[in-house]
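Report on one structure; see the data block that follows.
The values are calculated or read from the model by the stated rules, or taken from the named source; none is laboratory data. What you see is a predicted model; the values in this text were computed from it and never measured. Here Cβ is always computed from backbone atoms with ideal geometry, including for glycine, and neighbour counts include all displayed protein chains. SASA here: full protein model, heavy atoms, side chains in, ligands and nucleic acids out. Shrake-Rupley method; radii C 1.70, N 1.55, O 1.52, S 1.80 Å.
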Amino acid sequence: MAVREVENIFADILERAKALDPANARKWFEKLTALHLDGGSLGVGCPNEATAQFLCDNCKSSFTRAAQQVTGHLVTVDFSVDHDEKSPRRSRLSRPGLKLHPDYTFDNFVVGPSNRLAHASCVAVSQSPGNTYNPLFLYGSSGLGKTHLLHAVCCEAGQKFDEAVIQLLSCEDFVNRFIRAIEKGNLAGFQSQFRTVDTLVIDDIQFLREREQSQEEFFHTFNALYNNGKQIILSADSPPGKIPSLEERLISRFNWGLVARIDPPSYETRVAIVQKKAHLRGLSISDEIAEYIARKVHANIRELEGALTSLYAVATTTGKEITLELAQRALEGQIKSAARYISITDIIEVVTSHFDVRLADLQSKKRSQSITEPRQICMYLARNLTKHSLEEIGGHLGGRDHTTVMHACSKIGECERSDPQMHALLAELTKQITQTSQAT
Ligand code: ADP
Ligand code: MG
């Protein structure tokens, strides 16, 4: 959505909210800004923490109602401090809702023969969107890095082209938004949202199969973007011609640009990936251990990460350096089973008791440091010790969205690496969690 448009809509929402809540409006509705308005959520920027807290506690429902009346959609409203009040508004608002995984960058992507072409084409496109390979179509089996590369392109292009409007979403999301637009009679809004971007990235496009109406819509979106020299990037589990029930005219368009395959990684690449992922988690493992893991797990990089999750649990629990023997036990299932049965409830129990806070506080909107830190630690530990998705973790902690969980994970991970006290605290909590989960 264009910046102007967001600002206009926000001005209308603010007017409505004032009308709905005149008593509070006089004192509290000054100097509010729109941080973002996208994907069913409105971020309201406040001049300070006290205002954010007050609005959150007292004015949420009037803002939610106002936003719903103005946009015609159910919009969730969040209040936070606008730290950036003086910076040029355009650059902050030009990419509302682009949610990128902080670890999915080019720097964190290990290049090898299996993914060299895909990687190089993504780098090229990020440097000059619309001018090199258009469309760019990546395909390969699950867990080989497609989503990682798509996020990396968006991250890189976003930094390079400050004003560019970039949309990245899963195919399911595209289809669902399309259906919602039809239901609400707002097809024009949907079309203008997708046909006016500079770069459109759709992950797992194979889910368009058997969705005739969505295919039709996507066909026109594709044409509009392509004809205007805008970049399109797609990923799928198979090449265009092998996606069942995909219309011929889409298959042919997907083949217009570059189709790059990603193969399962070679042994050497797997070793490098294990090292890279261990480093990102603050784990130090020897070459011997990385080689051992890479020999044991070959098909899917997500499984390599699962092996590291088990090792992480062992290392932090015992506080010991990871030895080959420990790695063998972790991979052979003895310790994996301990990690596997840890539930979010175990984690929350240990963390709330350690910090002496209540679950209701963690689930609330409170933003004081004494609540935020345990909440973020819960998210981080749940990410590292369970197999739950970011969405599920956010759901357990007060219905927060996956970007909040991602942010918490990268923040606590960073502290774990740089602050020995945090490292020790997380080790102690992990130890207690493992014991709790085994006792139940
Ligand atoms: P896909 O979308 O192909 O199913 P993902 O992009 O979700 O796969 O990758 C699964 C996991 O493997 C992610 O955590 C990703 O960071 C990691 N991964 C995949 N390929 C690489 C690579 N070459 N270097 C580093 N990490 C990788
Ligand atoms: Mg993926």
Segments classed as helices (runs of 4 or more DSSP H), wholly inside region 1-70, with at least 1 members that are in contact with a Pro (Cβ under 7 Å, 6 or more places away or on another chain): 3-20
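Restricting the search to region 310-331, which residues are hydroxyl-bearing (Ser, Thr, Tyr) and under 11 Å from ALA278 (Cβ atoms)?
Result: TYR312, single match.
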Residue list for region 95-143, filter: of a type in the set (S, T, N, Q) and open to solvent by 50 Å² or more (accessible area, probe 1.4 Å): GLN127, ASN131, THR132, SER141, SER142
Residue count, region 410-424 (criterion: in a helix (DSSP H, G or I), of a type outside the set (Gly, Ala, Ser) and free of Cβ contacts under 8 Å to residues at least 60 places away in the same chain): 7
Any chance ASP263 is under 16 Å from GLY145 (Cα atoms), modelled with pLDDT of 90 or more and not basic (Lys, Arg): yes
Matching residues, region 145-186, being more than 16 Å from ligand 1 (Cβ to nearest atom), in a helix (DSSP H, G or I) and acidic (Asp, Glu): GLU183
Residues located in region 104-144, provided they are in a loop (DSSP other than H, G, I, E, B), within 14 Å of ligand 2 (Cβ to nearest atom) and not polar (S, T, N, Q): TYR104, PHE109, GLY140, GLY143, LEU144
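Looking only at region 245-282, count every residue that is assigned to a loop (DSSP other than H, G, I, E, B) and open to solvent by 20 Å² or more (accessible area, probe 1.4 Å) and tell me the total.
So the count comes out to 10.
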Checklist (1) touching an Asp or Glu at 6+ places or on another chain (Cβ under 9 Å); (2) under 20 Å from LEU136 (Cβ atoms); (3) within 16 Å of ligand 1 (Cβ to nearest atom) applied to PHE194, failing item: (3)
Count of residues meeting criterion [closer than 20 Å to VAL123 by Cβ and away from ligand 2 (no atom under 16 Å from the Cβ)] in region 230-245: 3
Flag for GLU15 being open to solvent by 50 Å² or more (accessible area, probe 1.4 Å) and acidic (Asp, Glu): yes
